[in-house]
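The values are calculated or read from the model by the stated rules, or taken from the named source; none is laboratory data. In this text the structure is predicted, and so the values were computed from the model without any measurement. Methodologically, a virtual Cβ is constructed for each residue, glycine included, from the backbone with ideal geometry; neighbour enumeration extends over all protein chains shown. Surface areas here come from the heavy atoms of the whole protein model, side chains and all, with no ligands, DNA or RNA. Shrake-Rupley method; radii C 1.70, N 1.55, O 1.52, S 1.80 Å.
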Amino acid sequence: MAWLIGLTILALSSVVKGQESGATAPPVGHFAVTDEHHNPCLLMTVGMTFHVPYVKNDTKSTGAVTSYHLPADANVTGSCEEDTKKNQKKEASITLSWADGFNVTVKFKRNDTVFYAKEIIARYVLNSDVFPDCKDEGEAKKVNGTSHDIHAMPGRSYLCHVAVNVTLGNATVTFSGLQVQPFMVKGSNFSKAEECAADMSTTTAHTTIHHTHPGNTTVHHTTIPANTTVHHTTVPANTTVHHTPTPSPTPTP
């Protein structure tokens, strides 16, 4: 649908400063994945806001966009794989889950010189509480994308104070106050940080981003309470996701 392509853009730049006028800032959570010895092996501090288009249940199948936050107390699962074989790539992942069928997974990869975010996957379920008047109540969805802009040297952490938008299919996730270290974690604290380029160029001026949407699109902002019981859902085979790659330098393997 043409309106879905328009919603994918959402008038968002790849890096923005400040918050949309009238939108609430996401809560910032501190998350850790532990290994078999219960030692932290992946650390992440982040706030996330998801901007997701959907179809309303009316005669015109009106397009709408809803926004919801990652709860600061989301349930954490993940894995850390440190292969000591020479030239063998290493991987790690973190999954944050909440409510009924909502979760986000960030997968990381590293070589001898750099680690980076290999893939970001978000899953959600259409329901009237988060997607007002949605057409396909109860349908599970999945969107994914990449962001090689999230990268640093192994043994260090990546830090970005400004809001960073990543395209996930026809949706967008905004990372706020992100600091992450998926490899070579020592204790419960981040190692020396490598700041993103946007942080280095940030000025004291406050910038407000005004989002534009197609004329027949409505926008809803929703906060979802965390839930310790998470039901994982499977995306139906007929679910189509249009992927829009995020242009960024690809690290050397």
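Key figures for this structure:
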{"quantity": "Filter result (open to solvent by 50 Å² or more (accessible area, probe 1.4 Å), under 15 Å from the mean Cα position of the chain (by Cα) and more than 24 Å from Ser188 (Cα to Cα)) within segment 98-140", "calculated": "Arg123"}
{"quantity": "Positions within segment 164-175 being over 10 Å from the mean Cα position of the chain (by Cα) and open to solvent by 10 Å² or more (accessible area, probe 1.4 Å), in sequence order", "calculated": "Asn170"}
{"quantity": "Of all residues making up segment 48-89, the number that are open to solvent by 80 Å² or more (accessible area, probe 1.4 Å) and modelled with pLDDT under 95", "calculated": "11"}
{"quantity": "Scan of segment 142-163 for residues that are open to solvent by 20 Å² or more (accessible area, probe 1.4 Å) and of a type in the set (S, T, N, Q), ordered by number", "calculated": "Asn144, Thr146"}
{"quantity": "Failed item in (1) at pLDDT 95 or above; (2) farther than 21 Å from Glu91 by Cβ, with Met200 passing the rest", "calculated": "(1)"}
{"quantity": "Breaking point among (1) open to solvent by 10 Å² or more (accessible area, probe 1.4 Å); (2) over 20 Å from Tyr158 (Cα atoms); (3) hydroxyl-bearing (Ser, Thr, Tyr), for Thr45", "calculated": "(2)"}
{"quantity": "Any hit, segment 77-93, residues being closer than 27 Å to Asn189 by Cα, within 12 Å of the chain's Cα centre (by Cα), touching a residue at least 24 places away in the same chain (Cβ under 8 Å) and in a strand (DSSP E or B)", "calculated": "no"}
